[in-house]
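A.B. asks: Handing you a structure now.
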Amino acid sequence: MLAVVVAGGIGVTGTIVGVVMTTWLGRSAERRRLAAEDDRRWLADRRRVYAAFLVLSQSMLREIDGVAVFLPYRGDEKVADEDEAFMADGLMDYFGRWNDQIQPALSDVQLVAGSGVADLADGVSGALMEITVVLEKRGPFVNYYPGWFRAQDLLGVLRNAMRAELGLNDAIETDYPRGAEWPWLQDRPSEEEYIRRQTEIPGRPPLTPSEKACLAESEDGKSASSGAA
């Protein structure tokens, strides 16, 4: 009888332990599943907020540049009355977007971002306002464009910081102004090469004067480079 009781007790204990372990493992798996879903939602929220801020900031840089083109280049030219009116209206619209769009977007970023990204986003917001000083004073364009490029560069730094927080650690390096070859790749055939290939097509009409001029310009450039070397 004792052996039967002991065996029965062991069986009951094993069953209880099995139930407890199964329940614990199930709850642990559920916690991991919920945590993974939370991480995915958090990542999706960050990506949405970051993308909105970047797109808006880039749009405002283009907008203010469209107003700045009416500035006197060196400062000694007179601004036409219609250009003056356009600049005044453009600045007012720009300030309105900065208050009504950039600032709320910045608040969204600061709600979900780490401290580094939050600080950089705040800096971009400040830079978008800082570059308007020359326009408000109707200063020369040559005093405006360096600040614009600095703001563009700061936006690039912010973009890479955001990419890092989203798990993309390969930085995007974009130099401004663009190089002479942009957007073409240096190791791919040039425009002149495609023109030259036309001469190898049987029955193709002779090259036009503009095509010949393009080839001649390319050959002159190569000769000059060889002579310099």
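A.B. asks: Across the range 45-98, what is the number of residues that are of a type in the set (Lys, Arg), closer than 21 Å to VAL142 by Cα and either in contact with an Asp or Glu (Cβ under 6 Å, 6 or more places away or on another chain) or modelled with pLDDT under 95 (or both)? Give the derivation first.
C.D. replies: In the first step, residues of the range 45-98 are kept if they are of a type in the set (Lys, Arg); the result is 46-48, 62, 74, 78, 97.
Among the residues that remain, those that are also closer than 21 Å to VAL142 by Cα are: 62, 74, 78.
Pick out the ones that are also either in contact with an Asp or Glu (Cβ under 6 Å, 6 or more places away or on another chain) or modelled with pLDDT under 95 (or both) and you get 74, 78.
Number of matching residues: 2.
A.B. asks: Now, a different point. Whether any residue in the range 26-44 is modelled with pLDDT of 90 or more, assigned to a helix (DSSP H, G or I), surrounded by 12 or more Cβ atoms within 10 Å (Cβ to Cβ) and within 22 Å of the chain's Cα centre (by Cα) is what I want to check. Can you show your working first?
C.D. replies: Taking the range 26-44 first, the residues modelled with pLDDT of 90 or more are 44.
Now restrict to residues that are assigned to a helix (DSSP H, G or I): 44.
Next cut, surrounded by 12 or more Cβ atoms within 10 Å (Cβ to Cβ) only: none.
There is no residue in the range 26-44 that is modelled with pLDDT of 90 or more, assigned to a helix (DSSP H, G or I), surrounded by 12 or more Cβ atoms within 10 Å (Cβ to Cβ) and within 22 Å of the chain's Cα centre (by Cα).
A.B. asks: OK, next. Checking the structure you have, find out if any residue of the range 78-85 is open to solvent by less than 30 Å² (accessible area, probe 1.4 Å), out of contact with any Ser or Thr (no Cβ under 6 Å at 6 or more places or on another chain) and assigned to a helix (DSSP H, G or I).
C.D. replies: Among the residues of the range 78-85, not one is open to solvent by less than 30 Å² (accessible area, probe 1.4 Å), out of contact with any Ser or Thr (no Cβ under 6 Å at 6 or more places or on another chain) and assigned to a helix (DSSP H, G or I), which makes the answer no.
A.B. asks: Which of the following residues is more than 30 Å from CYS214 (Cα to Cα) and within 25 Å of the chain's Cα centre (by Cα): LEU158, LEU135, LEU185?
C.D. replies: Numbers: LEU135 fails: within 25 Å of the chain's Cα centre (by Cα); LEU185 fails: more than 30 Å from CYS214 (Cα to Cα).
Within the list LEU158, LEU135, LEU185, the selection yields LEU158.
A.B. asks: Another question, if that's okay. Among what's in the range 89-127 and is more than 22 Å from ARG46 (Cα to Cα) and open to solvent by less than 40 Å² (accessible area, probe 1.4 Å), pick the residue that is nearest to the chain's Cα centre (by Cα).
C.D. replies: ALA127
The values are calculated or read from the model by the stated rules, or taken from the named source; none is laboratory data. No experiment lies behind these values; they were computed from the predicted model shown. Cβ coordinates were reconstructed from backbone atoms using ideal geometry, including for glycine residues, and neighbour counts include every protein chain displayed. Heads up: the accessible areas ignore ligands, DNA and RNA and are worked out on the full protein's heavy atoms, side chains in. Shrake-Rupley method; radii C 1.70, N 1.55, O 1.52, S 1.80 Å.
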